[in-house]
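The values are calculated or read from the model by the stated rules, or taken from the named source; none is laboratory data. As the structure is a prediction and not an experimental result, all values here were calculated from the model. Because the Cβ atoms are built from the backbone with ideal geometry, glycine has one as well, and the counts that use them run over all protein chains shown.
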Ligand SMILES: [Zn+2]
């Protein structure tokens, strides 16, 4: 089994509802998103999936979030834009665009700071 990882960063603002603490106020993060895919069989090129292609798909999945106020757009107008919920949302968004015959998404990790992250996998 091969595992590939790419990392992309996006910037966005949010605030947490039903939370008592600093994060209930509007603030921003540079979110670091780690994307891991797995597959067993390499193509003729010796690659599972081209890093360039994978990064493009991740960029596309994050484009809607980048430089936005997360609380304003679905599903974060209803659910809290926590690192946990972002990881699950990005997993679902990206999973739709991966070539499932080649590789599958294994996990998404979202870092909201250098020392705090959440991982989602199915
Ligand atoms: Zn925050």
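Looking at 62, 86, which one is at pLDDT 95 or above, away from the ligand (no atom under 16 Å from the Cβ) and on the phi < 0 side of the Ramachandran plot?
Of 62, 86, the one residue that is at pLDDT 95 or above, away from the ligand (no atom under 16 Å from the Cβ) and on the phi < 0 side of the Ramachandran plot is 62.
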Per-region count, the stretch 3-27, residues in contact with a strand residue (DSSP E or B) (Cβ under 6 Å, 6 or more places away or on another chain) and either within 15 Å of residue 117 (Cβ to Cβ) or surrounded by 13 or more Cβ atoms within 10 Å (Cβ to Cβ) (or both)
9
Qualifying residue in the stretch 105-112 (condition: over 18 Å from residue 9 (Cβ atoms), without any contact (Cβ under 8 Å) to a residue 24 or more places away in the chain and not in a helix (DSSP H, G or I)):
no
Condition first: surrounded by 16 or more Cβ atoms within 10 Å (Cβ to Cβ) and under 21 Å from residue 117 (Cα atoms). Can you find one or more residues in the stretch 92-102 that meet it?
yes
Within the bounds of the stretch 65-79, is there any residue that is surrounded by 12 or more Cβ atoms within 10 Å (Cβ to Cβ) and assigned to a strand (DSSP E or B)?
yes
With criteria (1) in contact with a strand residue (DSSP E or B) (Cβ under 8 Å, 6 or more places away or on another chain); (2) within 19 Å of residue 2 (Cα to Cα); (3) surrounded by fewer than 17 Cβ atoms within 10 Å (Cβ to Cβ), residue 44 comes up short on (1)
All positions within the stretch 14-40 that are within 14 Å of the ligand (Cβ to nearest atom) and not in a loop (DSSP other than H, G, I, E, B)
14, 22, 23, 24, 27, 28, 29, 30, 31, 32
Would you check if there is a residue in the stretch 41-58 being touching a helix residue (DSSP H, G or I) at 6+ places or on another chain (Cβ under 8 Å) and in a helix (DSSP H, G or I)?
yes
Yes/no for residue 69 being in contact (Cβ under 8 Å) with a residue 24 or more places away in the chain, within 13 Å of the ligand (Cβ to nearest atom) and farther than 20 Å from residue 115 by Cβ
yes
